[in-house]
Structures are given as C-alpha cells and as structure tokens.
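Please treat every number below as a calculation from the coordinates, not as lab data. What you are looking at is a predicted structure, and each value in this text was computed from that prediction instead of being measured. Note that we place each Cβ from the backbone using ideal geometry, even for glycine, and neighbour counts take in every protein chain shown.
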Amino acid sequence: MANNIRFYIPDGLTIPTDLILYVEDTYVNYKRIHGGFRFHIHEDDEIKAMGIAKQIADRMIFEHDESEHGVTWCTVEFKIVDQEERYKIGTDIDWFYRIRDSY
C-alpha cells in the first residue's frame, strides 16, 4: 500500500473544519455523501484525478477491512461530477461503495 497519502492541516489551524488530504503533491478536499464520498481534487487532468481518487478509496477500503468479522467495503462506482466549464476548478469525483457482509 503506497504511503503517499497524508492528512493535511493548513498552517495556523489546530482543528481544521475541512477534511483535506495531500496526495502526490495534490490537495484533495473530501466529504461524505449519500452512499459514499465526494473528492474535490485540485487537478484538472481527469485521468490523474481518477487515479488519485482510486488510491484514496483503496486506502479507505484497506483501513476499514474487517473481513475477519465478515464485513468489507466494496466499490460500486466512481463518477466524475459534471461542472459548468466556466466555474470548473479541479475535478470532483464521487465514489460510491457498499458494505459486503458475509453473515
């Protein structure tokens, strides 16, 4: 598992109100949405942004794996969110997952 993802706390803050990651020299804001997470990746190249989103999702799945208890997270889909071109800064990607329970 690559170790190039870290939680980012902006200078001057001790308790950030935004959830921010730093991945491959790129800032990623993220939040929960119904059924998953939305990543706002400060990268205009959608292919690179999708790769970053997949790295984050893989890490989340790895860190929340409870397969010994029969529960694992499974990716349902990644979806690039349409943005109006004149307002587009970066790339928004929704990651939807489900919890697979073997019991």
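Between THR14 and ILE61, the modelled label-to-label distance comes to 3.9 nm, taking each label 7 Å out from Cα in the direction of the beta carbon. Only Cα pairs under 8 Å and 6+ residues apart enter the sum, and on that basis the relative contact order of the chain stands at 25 percent. Ranked by the mean number of other Cβ atoms within 10 Å of their residues, highest first, the peptides 13-19, 60-66 fall in the order 60-66, 13-19. Angle of helix 46-63 to the longest C-alpha principal axis of the chain, folded into 0 to 90 degrees and rounded to 10: 40°. For semi-axes √(5λ) of the Cα gyration tensor in Å, the value calculated from this model appears in (1) 47, 13, 9; (2) 25, 18, 12; (3) 30, 16, 11 under label (2).
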